[in-house]
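The values are calculated or read from the model by the stated rules, or taken from the named source; none is laboratory data. Here the structure is a predicted model, which means the values were calculated and not measured. Here the Cβ positions follow ideal geometry from the backbone for every residue, glycine too, while neighbour counts run over all protein chains shown.
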Amino acid sequence: MTTGAPPPSRNAPRSRLRTFLPLALVVWLILEVWLLTRVAEATSGFIVFLLLLAGVVAGSALIKRAGRRALRKFQETVAQQQRGITPETDRSGGNAFLLIAGLLLILPGLVSDLFGLVLLLPPVRTALARRAERSLERRMAAAGPGTFGGAFQQARMRAPDGKVVPGEVVRDDDEPPRRSGRDDGPKPPLTP
């Protein structure tokens with residue numbers, strides 16, 4: 001059974017992210033486990049449990065706060081647009097980095113907690129927001145003008161074995177197609 005999508009190309013080069021991300025995750029997990037065992041040896045298992053529990057509680061509270069702040073900002077933006085005022089953009093990193101910080105605090109481990117705490121610092125969030133915005137602007141400028149439908153069509157036309165042909169269906173007959181619920185007889189076989 002074919003779906004119309006071309007089979008994945010086996011010759012495409014792997015990106016650096018796809019190559020090194022699994023390795024980085026394994027190294028991170030080993031580091032987290034090693035660090036937790038070292039802290040447990042130095043103090044006790046109960047202290048490690050309390051540290052992990054504190055991270056979950058703090059991360060949950062942070063996510064809840066960021067969610068409320070995002071909802072309030074959304075309501076203010078909608079109210080400003082209804083009054084005809086152009087809403088101002090938030091360049092401080094917004095709530096996305098606060099949510100990521102909360103998730104990092106919730107993850108069990110001390111290294112992820114450290115990254116989550118660093119992400120709570122406003123200068124770090126602002127710098128990351130600027131970098132993400134510049135990266136997005138570069139990618140959008142490289143994409144060129146067009147509509148979403150055009151981008152989707154271009155993506156389909158540039159498939160590795162390119163079986164998509166742009167065009168439109170033109171019917172020669174003048175009668176509209178019948179839409180009856182009954183079976184009209186045998187259908188011709190489907191050919192690839």
Exercise. Report yes if some residue within region 83-93 is of a type outside the set (K, R), exposed (fewer than 10 other Cβ atoms within 10 Å of the Cβ) and at pLDDT below 65; otherwise report no.
Key: no
Practice problem: Scan region 22-59 for residues that are surrounded by 14 or more Cβ atoms within 10 Å (Cβ to Cβ) and small (G, A, S) and jot them down. | Solution: A40, G55, A58, G59
Self-check item: Residues of region 38-73 satisfying the condition of being free of Cβ contacts under 8 Å to residues at least 60 places away in the same chain and β-branched (V, I, T)
Solution: T43, I47, V48, V56, V57, I63
Practice problem: Working only within region 32-62, note down all residues that are acidic (D, E) and under 26 Å from L121 (Cβ atoms). | Solution: E32
